[in-house]
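Before any comments, here is the structure.
Any read-out appearing in this document is the output of simple, stated calculations on the displayed coordinates, not a laboratory observation. The shown structure was predicted, so the numbers you read here are calculated from the model rather than taken from an experiment. We place every Cβ from the backbone using ideal geometry, glycine too, and count neighbours over all the protein chains shown.
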Amino acid sequence: MEVAGESNRRPLFLAHTGRCSIIAAMAAGVGEIAQQVLQSQVAGLPHCHVPPIRSISTRRFGWVWLLTPLAWTLAWPALSLLWLNRYDHGESAFIHALYERKHVVMERKGPPQVADGSGGRLVVVGGSATLTGIDAALMEAKLRRPTVNYGVHAGLRLDYLLYRAKQELRAGDTVLFCPEYELWRYSPEVLDNFDWPYPITYDKRYLLSIGAGRFLRAVYSVPLDDYWRSASGWRRRLRGDHHHTRPIYDTSTLSPNGDLGAELPRGGIGRVGTVSLAEVRGTPSGNLVADFATWAKSKGIRLLFCFPNMASPDGPPGDAERAGFDSLTAFLRDCGFTVVDRPEDAWYPRDWFTDTQYHPDAACRRVRTESLISRLRPHLGVSADGATDDVLVAHDDPALAELESRGWRTVEVTRTTASFADWAKPYDRHLFLVAGVSEGGLPPALGQALPTATPVVAAVGTGPWSYVRTVVTSAKASLRTDLRSLTGRAVPQLSLNLRPAPPGTGRPFEILVNRRDRIPRDSPAGLAVVVIDPELGVVLDAASFPADGGPAVTRRVHRLAAPPTSP
Amino acid sequence: MLYNSFEFILVFLPAALLLYFGAAAVSRGLANGVLCAASLLFYAWPKPWGAAWEWDWRNLLLLLGSILVNFVLGAAIRRRPGRAKAALAFGVALNLAVLGYYKYANFALSNYSAVVGRDFSPLHIVLPLGISFFTFTQIAFLVDAHNGKARELDLTRYVLFVTFFPHLIAGPIVHHGQLMPQFSTDLAKRWNPANVHPGLAFFTLGLFKKVAIADGCAPWATAVFDASHAPALEEAWRGALAYTMQLYFDFSGYSDMAIGLGLLFNVRLPDNFDAPYRATSVADFWRRWHITLSRFLRDYLYIPLGGNRLGGPRRMFNLFVTMLLGGVWHGAGWTFVLWGAYHGVLLVLQRLWGDRRPPPLLPARALTFLAVVVGWVVFRATSVERAGEMLSGMVGLNGLAGASPSTSGNAWLVLAALLVFVNVAPTTKQWVETRGLNAWRAVLLGTLFFFCLLLLRTNYLAQTASPFIYFQF
C-alpha cells in the first residue's frame, strides 16, 4: 500500500512504532507504520512500549528452581561414583589385568627374609617404561633376590602409582623407583581423561581417599559423554562381558616376575624432544615423592632410583637439561634415594623402540636390564661372579634375531631337551592346554585324563586345579572357553580357544590364548602343550612333543656378544 | 563477562541482584547507581578466553566517553532547539566515525593496500566489545532527543540505559523510551516474583540453548567450514546446517538470557527473536530475526533514504542499500558485504514478485529456509573463496561424499531433530506464557540449569567453550 499520509511528510526519523518490524516499512509501506502508532496511542501504550511477559507462576516456583540444582549438586558425586564406569575401555582393562596379576606376583615373592632390606624383594616401581623395559626375571637370577616388575602405566600418574605401590610394599623391601619424565609434571588439580577411567571403574576406594576437594573437582570435570558411555559399560558388566574387554597389550604374556613379554607394535615414534626437567622440589610431584620416601623410611624400605629407559633425544642434553637432571638427582638424594645412574645411561637408539619412546623392544629390554644389573650390584652387595658387561647371556628370546641384525653375535651354548613327562614335572599347580594326538609317554596327571591314539583338545589341571578336566576328542575337536569359566574361580581372565589349525600350517591344532597362537613354530606334529598359571593368569610355557611324548627341545640358551665399539 | 561463564552465573549475578535490591530498600537512586556500577564492572571484566587476566580499562573509558559525549549532545539537542539539527548531525557523525575507526579501519586499509599495490601494516586496534550495539543505541537516543521523544535527561539513568548489562554486549538494541520509564518507577525496585519467575525460566532455557545445543553444533560446523579441503555434498550440507542451527540457538539463547536477566531486575527488554526459521518469506524472516536491529535499520536508514515514497526503483535501491549496510554492520569483511547484498537482492526479488499468488505455506517455508541457509554459509565462511567452495560443495560440484568423520551419522540425526524442533516447538516466550510455572516445571528447569553448569565446566576444561557469536559484532 503506497501512502501519502502525514507521517510521510514528517521528519523521517520520527517514524517510530509500537510494534516495530522492518517488514512493516520495507514490504508494506510507511502508512501501516503510522496506523500502528495510532493503534498504540489508542491502546494507551507509551511510545515503543514493550509488552509484558504474561505468565502464571506458583509461589513455590522460585524456591524449587533454586533448590533443584543445589540438590543435584549434593547428589551428583554419589551418583557419579555409583554410575560411572569404563568397562569398555581397553586401557583400563589392561591396567586392571596388570594390577590383579602383579598383586599375585608380589604375594608370591613372599615376605622379606631379612628386615634390614638386604634380602627382601626388589620392587621396580614405574610406568610402562618399567613394565616393558625391565626384565625382572633376569634381575632376580643375576642379583639373587626376589624381584618384581611393578611397572604399570604412567597415565595413572605419580599419585596413583605410589598409592598402589604403598599397598604392596613391606618392611625389608627395596624399591627401585623408575618414573617416566612426564610424571614429574604431576598436577593434583583434576583427574583427566587418561587417569580417570581406571579408578572409577576398578578402584573407587582410591577416589574416596584423595580428599573431598580433589574428588569433587574430579567429579565435576567428567564430560557428560562419560555418563552416557557408562550405560554401555553397565550393559557389558551385566552380561559379564567386561572381563573380555580387550586390553591394549596382552597381559597373558606377563612373566612370573611381572615383566610384559608381549610383542609391541612398531608405530614409528617420530622425533624425541630433549628432556627438560623443571625444579621438582616443592612441586606437587616433588612433595609426593618426598612423602613417599618418608613413608618408606618409616617402614624400613630401602630406596633406589634409576632414570627410565627411553629413545635417545634428538640432541645431547644442554646445560639447562643437565641442570634439571642434577637438580632432580640432588633432590632425590636429599629424600633418601640412592640414584644408580644418569639419564643418558638409559637412552638407546630410536629404532630399538616400538610404539612409544618409552617402550623398548625385547632386545633393548635385555640390554637395558643387563646394564642396570651391573649398576645395581654394588648397591645391593652382589658380586658379578666373573660376568662382564659386554658378554650377555640370553635365553630363548624373540629379541635374538633383532640383536643379530644390529651386529650382535649370538651363539647357542646349550639347549634343553626333555620328554613331555619330565618337562611337565615342575608344573604341579597349573593348567595344561593340550591339543594333538598322543600315543603314550604322558605325565601321570595327564595320562589319566587323555585318551591315546585319537585327536584331542583338552584342558587339564594339576594340584589344586586338578578338578579341571575338559576333554574333547575328534578330528575337528575344539574348545572355546575362558579361564574363569574353566576354573569356576575369580582368577584373572584369559580367553582360551583350542581349535583345528587352518590348512597349510602343517599342524592339526592351534592353541590360542587371548587370541594369539602359543604353539612354537617348527614344532613336531604330535602333542602341543601350553602351561597356564591360573592364579596369575599368564602363559608360563609352551612346547610341542612327538606323539609318543618323547624328547623335544624345550629351551635354548645363547651367548650374546656386543658389537665392537667404533673407535 | 559472558553470560555463559561461572563468574557471571555464580558470582556476579547473585551479587548484583543482592546489592541492587538491597540498595533499592534504601533509595531508588542508589539502586540505579548500584546497577550502573555492576554494568560497568560487567563490561570491564577481562575476557575469559584472553591470554591475559587484565581489566579492560581502555574499552571502559571508550564506553564512558561515548556515553558522556552523547549525553551532552542529547542535552544540547533538547535545550537548544536552534542548534539541534547541527548537534544531531555532529553526534551521528561522531558515533559513526568512532565505530568506523574501531571496526572498519583495518578492513579499509587492507583493501586500499590491495588496490594501490602497497603493503600497509595493520593498525593495532582491538574491537571494543559491544561497540556496534552501544553506538546504535545512542544514535537512536540522539534522534529520539531531536524528535522530542527522549525528554528525560538524568545522567545516572542515562548511563544505566546504555550500559544495562543484559543488553550491553549484544543487544537487543533498545530505545530511550523503552527503558528510561522502567528505571524511573519504584515498582521496578521491588523483588517481584511475577517477573523473577519468568526471568529464571527465560535465563535457564537460554543457557540451555547456548551451552547444550549451540556449543554442541559448533564443532560440526567448524570441522567443515575451517577444513582445508573443498567439502563434498554431504559434508557441505552437514556443515551448513550445523552452522544454521548453531547460530539459531546461540542467538536465540542469548536473546532469551538477556530477556530473563532483564526480568530479574524488573526490566522488560524488547523481543529480538521470534522463530525465524518458520518464516514464509525473506521479509518475514527479517521480521523474526534480530528484530531490534531490523527495526533500527528501518527507522534510521531505510526511511531516511526515502523508504517507499520515491517510486518503485528507488524503493528497491533503498531496500538493497539497507540490507547491504546491515550486512556490513555485522563485521568488516567481504563475506558480510556479500551476505548483506544477498539478502538485499532477495528482498528486492520478493518485492518484484509483489502480490502475485504466494506459494503454499510449506514450500514457502522450505524455500525461505533454504535461502537463509545459503546466506549463513556466506556469513560464516572465513573468506569469499571458502564460501564459494562451500556453495560448490552444496550443489555437488566437489563430489557426493567426502572423508566424513565417524560422527557424521550422529550429526545428521541431531540436526534433523533440531530442524523439527525449530519448526514445531513453541518459542521460549510462548512456553513461558502458556505453561504455568509450577513446582514441577521448576524441577525441570532447575535440572536443566544444573546440567548446563556441568557442561560449562567440562567445556571450559576441554577448552571448547565459546562466547556468543553476536558478541563479535
- Averaged across the residues of B:177-187, what count of C-beta atoms belonging to other chains lies within 10 Å of each residue's C-beta? 2
- Integer Hz, Karplus 6.51/-1.76/1.60 couplings in order for segment A:465-470, x for Gly and Pro: 9, 5, 6, 7, 8, 10
- Task: Name the shape class, rounded, prolate or oblate, that the alpha-carbon gyration tensor gives for segment B:291-366, where a ≥ b ≥ c are the square roots of its eigenvalues, rounded holds for a/c under 1.5, and otherwise prolate holds if a/b is larger than b/c and oblate otherwise.
- Result: oblate
- Fewest-first sequence of B:ASP144, A:ASP541, A:ASP351 by Cβ atoms within 10 Å of each Cβ: A:ASP351, A:ASP541, B:ASP144
- Neighbour-count ranking [beta-carbon atoms within 10 angstrom, fewest first] of B:TYR460, B:TYR342, A:TYR150, B:TYR112: B:TYR112, B:TYR460, B:TYR342, A:TYR150
- Task: Name the long-range amide H neighbours of A:LEU122: under 5 Å, sequence gap of 5 or more, or other chain; modelled H, no Pro or chain starts.
- Result: A:THR147, A:VAL148, A:THR174
- Taking the highest mean first, how do the peptides A:53-66, B:411-424 order by number of other beta carbon atoms within 10 angstrom per residue? A:53-66, B:411-424
- Note on the structure: Expressed as a whole-number percentage, the relative contact order of segment A:422-470 with C-alpha contacts under 8 angstrom and at least six residues apart is 43
- Protection-proxy order for peptides A:273-281, B:358-366, each taking the mean of Cβ atoms within 10 Å per residue, highest first: A:273-281, B:358-366
- Query: For the residue pair A:ALA212 and B:SER121, what label-to-label distance in nm results when each label sits 7 Å from Cα along the Cα-to-beta-carbon direction?
  - Reply: 5.6
- Based on other C-beta atoms within 10 Å, arrange B:PHE451, B:PHE165 from fewest to most. B:PHE451, B:PHE165
- When you look at the Cβ of every residue in B:289-296, what mean number of other chain Cβ atoms sits within 10 Å? 3
- Average beta-carbon neighbours from other chains, 10 Å sphere, peptide A:66-72: 6
- Task: Restricting to the protein assembly as shown, compute how many DSSP beta bridges are antiparallel as a %, nearest 5.
- Result: 75
- Task: Filter the cross-link list B:LYS210/B:LYS429; A:LYS109/A:LYS142; B:LYS85/B:LYS149; B:LYS103/B:LYS209; A:LYS109/A:LYS166; A:LYS102/A:LYS166 down to pairs whose alpha-carbon distance in this structure exceeds 22 Å.
- Result: B:LYS103/B:LYS209
- Would you grab the residues whose amide H sits under 5 Å from the one on A:PHE177? Only those 5+ places off in sequence or on another chain, please, with H modelled 1.01 Å from N. A:VAL125, A:LEU304, A:PHE305, A:CYS306
- segment B:257-290-segment A:197-270 distance, computed between alpha-carbon centres (Å): 48
- Message: Under 8 Å for C-alpha pairs, at least 6 residues apart: give me the relative contact order for segment B:1-122, rounded to a whole percent.
- Response: 13
- Message: I need to check one value: relative contact order of segment B:85-153, counting alpha carbon pairs closer than 8 Å and at least 6 residues apart, in percent.
- Response: 42
- Would you mind checking which residues have amide H under 5 Å from A:ASP135's amide H? H placed 1.01 Å from N; only 5 or more apart, or other chain. A:THR369
- Note on the structure: Any DSSP H helix in chain B with Cα axial reach of 18 Å or more and mean Kyte-Doolittle score of at least -1.0? Listed by number, the hits are B:13-26, B:28-44, B:57-79, B:84-116, B:131-146, B:193-208, B:233-264, B:312-330, B:334-353, B:361-380, B:408-424, B:439-461
